[in-house]
Amino acid sequence: MTTEEFKRSILKMQPRLQRMAEYIVGDPDSAADAVQEAVITLWEQRSTIKSQEMEKLSLTVVKRRSIDLLRKQKPTVDIDAESPMLAEPPQDDLEERYRMARQLVDRLPARQRDVILMKYEEGLSMEEIEKATGMSSTHVYATLSRAYKSLRETIKQYKEE
């Protein structure tokens, strides 16, 4: 994509990107920051972007930047020493929960188990999982979806017992 094509495309989409960011973030100034960061990211990648992919890619990048801004804000709550709800669970409880979750994951079919472990234990991105497994992005998402569904059903059965 040439510099001129990039500029025309971004200027044309800017109002839509701003609206989407405002919808996610809830604040026009923060939304403008998210759009600006997204445009910088897209600018750095402009040589690899095809003009027909520009709109989808721009919307995706703005959405992710907006979500990143929300995560960075980390809303704070005044901690009241008497509030038992905010107390951290005992470390033993966390270890037990991890052990139980890992047992559930180990019961999944091999491909689902591998994808879940790559995502959550190894911290791989979806693209890295795609490369490691040789699966398409659609197949990775479908595999994760099936794994989540199986885990939810197993947990539901466990709670009913």
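The values are calculated or read from the model by the stated rules, or taken from the named source; none is laboratory data. Keep in mind the model is a prediction, meaning the values are calculated, not measured. Ideal geometry is used to build each Cβ from the backbone, glycine not excepted, and the neighbour counts take in all protein chains shown.
Miscellaneous remarks
- Selection status of GLU153, acidic (Asp, Glu), assigned to a helix (DSSP H, G or I), surrounded by 11 or more Cβ atoms within 10 Å (Cβ to Cβ) and assigned by TED's automatic domain parsing to the domain that holds LEU108: no
- You will find that of ALA87, ALA81, ALA110, the residue that is at pLDDT 90 or above and either outside the structural domain of SER30 (by TED's automatic domain parsing) or of a type outside the set (D, E, K, R) (or both) is ALA110 and no other.
- Matching residues, region 121-148, being surrounded by 11 or more Cβ atoms within 10 Å (Cβ to Cβ) and among the small types (Gly, Ala, Ser): ALA132, SER137, ALA142, SER145, ALA147
- Among residues of region 103-120, those that are assigned to a helix (DSSP H, G or I) and exposed (fewer than 13 other Cβ atoms within 10 Å of the Cβ), counted: 4
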